[in-house]
Amino acid sequence: MLNINSELKGLYAIWYRELLVFMREPSRLIGAIIQPLLWLVIFGTGLGSIIEPGAVSGTNYQQFLFPGILVMTVLFGSLFFGLYIILDKRIDFLKEVLVAPLNKSTMFFGKALGGSTDGLLQIIILMILGAIFFGIHFSLLTIILTFVIIILLLIAVTSLGLAIGSIMESPEGFGLISSFVIFPLFFLSGALFPVTNLPTWLRVIVTINPVSYAVDALRSVILGITSYGLPLDFTVLIAFTVIMVMVGTWAFKRIKL
Amino acid sequence: MPLIEIKNLTKKFDDFTAVDDLSLEINEGEIFGLLGPNGAGKTTTLSMLATLLPPTSGNAVINGFDVAKHPTQVRRSIGFVFQDPSSDDLLTGRENLYLHALMYGVKDSEIDKKIDEGLKLVDLTDKQNIRMRKYSGGMRRRLELARGFLHSPKILFLDEPTLGLDPQTRENLWEYIKRLSTENKITIILTTHYMEEADELCDRIAIIDHGKLVALDTPVNFKKSLGGDLVTIKTKKPDLPEIQKMDYVKHVQYKGDVLSLTVNDAGSHLQKILENVGEAENVELHSPTLQDVFLKLTGRQIREGSDEGEGGWMTRTMHSESR
């Protein structure tokens with residue numbers, strides 16, 4: 001017996017709660033923005049100084065780095081969102097949600113959408129800063145496509161974070177597992193370097209990493225540089241998102257209090 | 001038909017049996033207490049009733065719905081006030097209630113009205129727009145009480161509703177719980193390890209120890225089972241033969257200047273007794289408490305470091321307010 005109207009209201013409530021909490025803690029937003037900016041400014045300038053302009057796919061290194069940094073922001077911010085599930089477990093807030101007469105999938109989607117919205121706000125700020133300070137050109141189409149790619153990636157990574165949060169019992173355990181997951185996903189995605197001239201072993205690993213396709217899609221949309229082509233990028237990204245949502249829902253339904 | 005039927009409910013965690021073959025029936029409109037020490041299985045029982053934990057065996061039917069087969073309908077019938085804080089610090093009291101109303105399916109047209117009523121019931125109307133971070137422990141509990149009731153459930157679970165609150169705040173919260181019960185005819189099931197709390201609030205009490213039901217009765221009957229109140233009178237010339245003739249006096253002892261009596265319902269017979277003790281210098285009445293009941297049934301105190309007086313007897317002198 002599924003009452004669509006009450007499920008939607010519940011979904012809205014859980015999403016709205018995440019948004020309210022996020023807006024009330026400006027430190028979360030500021031912290032989430034500063035790290036990628038440091039990468040762009042310091043790492044981008046530093047490494048960019050030894051790279052000939054135009055050597056990386058015909059753009060300067062900072063611009064080349066920009067899509068990769070957007071992906072990094074999503075990865076680190078959204079996976080970390082899963083930690084809140086563990087913190088909610090420690091007090092009884094999660095029970096308040098779990099006792100609600102709602103479908104477990106609805107609860108999970110509410111959480112995932114809430115986390116994704118937080119991430120999207122960070123990305124929007126970074127895009128504005130990128131346009132102003134790093135010479136990134138956004139057309140309306142670029143903005144729309146960037147949003148689509150980012151939202152898919154956000155939902156996928158938030159779901160993964162929630163899955164880890166549902167299974168793990170301590171924040172320390174969460175930290176350990178997520179670093180095992182996040183650093184390979186990030187470093188092996190081509191976010192920091194072009195994937196065209198890599199040795200075979202590394203290229204293989206990068207090719208199996210689904211995050212590589214998000215980086216490639218963003219680079220294609222924002223800078224017009226692509227290694228895999230947009231159709232393949234989107235196919236992999238959508239599949240990755242669907243699988244992560246399924247994994248997340250599965251883990252959330254088995255949550256132990 | 002009882003509103004809640006628990007049959008042979010059992011929960012095992014690996015080798016540890018938290019709830020052991022528990023059977024209970026709870027009627028509509030009751031305030032029913034699950035009393036037992038920490039770790040007795042009270043919270044585990046409530047969690048199973050609220051569909052948060054699947055039972056290992058046995059079942060429970062709540063408001064006509066089996067907890068294992070129809071969890072959503074069960075969850076629609078209940079409200080839950082948890083032991084630990086479960087409201088959001090960064091949100092205001094009103095926002096917490098609003099989110100609850102949305103999640104628990106309160107009709108849009110009734111949300112504002114219900115929230116106003118709830119806030120009024122727990123006297124938090126003037127604090128509704130303050131973030132919960134600034135609430136005291138007692139205020140937070142009151143808000144969570146109003147929240148548990150917001151969607152008008154038939155049954156309200158209160159898990160250790162006054163744990164960690166100071167005595168004054170605790171008594172204050174009892175008033176709100178009683179008000180909720182009388183004004184709304186809601187069925188309340190609460191767990192507690194505070195004897196006074198069970199005594200003060202509950203119509204019936206199930207004493208639970210090591211996951212098993214030890215005894216089930218009303219607070220009055222439990223205390224009666226101990227055989228009466230203890231009256232201690234300091235006096236020089238009591239009329240012992242006359243006192244021994246009174247049928248409500250169970251036991252008489254006179255040592256030194258002190259007359260000790262065990263009396264059925266001492267409150268109503270004290271006048272008669274005092275007429276026969278001559279000039280009394282001092283009179284003390286000890287009522288047996290649930291603490292004594294628990295001690296008698298399980299052979300131990302409900303918890304270490306009890307704050308309820310020595311030897312399990314709660315001492316009340318004559319001039320203090322009697323219940």
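When the solvent-accessible area of chain B is split by element, carbon and sulfur atoms take up 48 percent of it, the probe being 1.4 Å. The trypsin sites (Lys or Arg not before Pro) of the range B:183-234 that meet both conditions, a loop assignment by DSSP and at most 13 other Cβ atoms within 10 Å of the site Cβ, are B:Lys185. Under 19 Å of direct C-alpha separation, and excluding same-chain neighbours fewer than eight residues apart, A:Lys111 reaches these lysines: A:Lys9, A:Lys89, A:Lys95, A:Lys253, A:Lys256. Applying 1/(1 + (r/R0)^6) with r as the Cβ-Cβ distance of A:Lys253 and B:Lys224 and R0 = 56 angstrom yields a FRET efficiency of 0.70. Antiparallel versus total DSSP beta bridges in the protein assembly as shown: what percent is that, nearest 5? Taking every DSSP beta bridge with both residues in the protein assembly as shown, the antiparallel ones total about 70 percent. With protein chains left intact and a 1.4 Å probe, residues in the range B:47-109 average 34 Å² of accessible area per residue.
Partner aspartates and glutamates whose Cα lies under 18 Å from the Cα of B:Lys234, excluding those fewer than 8 positions away in the same chain, are identified as B:Glu242, B:Asp257, B:Glu275, B:Glu279, B:Glu281, B:Glu284. Taking 20 Å as the straight-line reach from the Cα of B:Lys224, the lysines in range (excluding those fewer than 8 positions away in the same chain) are B:Lys250, B:Lys296. Between B and A, roughly 2700 Å² of accessible area is buried in total, ligands, DNA and RNA not counted and the probe set to 1.4 Å. Taking chain B as a Gaussian network, Cα atoms linked when under 10 Å apart, which of B:Leu240, B:Leu119, B:Leu52 shows the biggest mean-square fluctuation? Judging by the Gaussian network model, the answer is B:Leu240.
For the range B:246-294, GluC sites (Glu not before Pro) meeting the loop criterion (DSSP other than H, G, I, E, B) and having at most 13 other Cβ atoms within 10 Å: B:Glu275, B:Glu279. Taken as Cα centroids, the range A:163-240 and the range B:34-74 sit 44 Å apart, rounded to the nearest whole angstrom. Checking the Cα-Cα distances for B:Lys154/B:Lys212; B:Lys107/B:Lys127; B:Lys237/B:Lys272; A:Lys104/B:Lys127 against a 22 Å cut-off, the pairs over it are B:Lys154/B:Lys212; B:Lys107/B:Lys127; A:Lys104/B:Lys127.
The values are calculated or read from the model by the stated rules, or taken from the named source; none is laboratory data. Here the structure is a predicted model, which is why all the values come from computation and not from measurement. With ideal geometry, Cβ positions are generated from the backbone for all residues, glycine too; neighbour counts draw on all protein chains shown. These area figures cover heavy atoms from the full protein model, side chains too; ligands, DNA and RNA do not enter into them. Shrake-Rupley method; radii C 1.70, N 1.55, O 1.52, S 1.80 Å.
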